[in-house]
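Some notes on the structure that comes next.
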Amino acid sequence: MSLATFTTERRQELGLSLSQVAIRSGATKAHIHDIEKGRSDNPTCRMVEKLAAALQVSAVELFRHAMGPEVVLNAITIPPASREQKRRAEDYAKQQTSPERKDQNDECAG
């Protein structure tokens, strides 16, 4: 189910108007309308969290509809690496494949 369909159906289940969801989420009525019509299919994480609270569902549930279940699973289980972590990993990989390192590995194996 798309974010647009889920948002519309959940709002209607709760008996809320677009204006009420907008007020509860801190968004404009036009923005909620655009989400429900599929014209705003890439809301910010903060917007999804606020919209989830307004619709009385977990942010994970709403992210699942906004981004797809596989993306949510990866985002939850694999935290993004910092720039420093990425730099260290790249440096380590370079060290492991450098000619000096290869010579050292050959000596250890022999």
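The values are calculated or read from the model by the stated rules, or taken from the named source; none is laboratory data. Treat the numbers as computed from the prediction; the structure is a model and nothing was measured. Please note: Cβ atoms are built from the backbone with ideal geometry, for glycine as well, and neighbour counts cover all protein chains shown.
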### Task
Given the conditions (1) of a type outside the set (Gly, Ala, Ser); (2) crowded, with 16+ Cβ neighbours inside 10 Å; (3) in a helix (DSSP H, G or I); (4) modelled with pLDDT of 85 or more, report the number of the one that Ile23 does not fulfil.
(2)
### Task
Test Ala75 against the criterion of being at pLDDT 85 or above and either part of a helix (DSSP H, G or I) or touching a helix residue (DSSP H, G or I) at 6+ places or on another chain (Cβ under 7 Å) (or both), and give yes or no.
no
### Query
Across segment 26-55, what is the number of residues that are among the aliphatic types (A, V, I, L, M), under 13 Å from His65 (Cβ atoms) and outside any helix (DSSP H, G or I)?
1
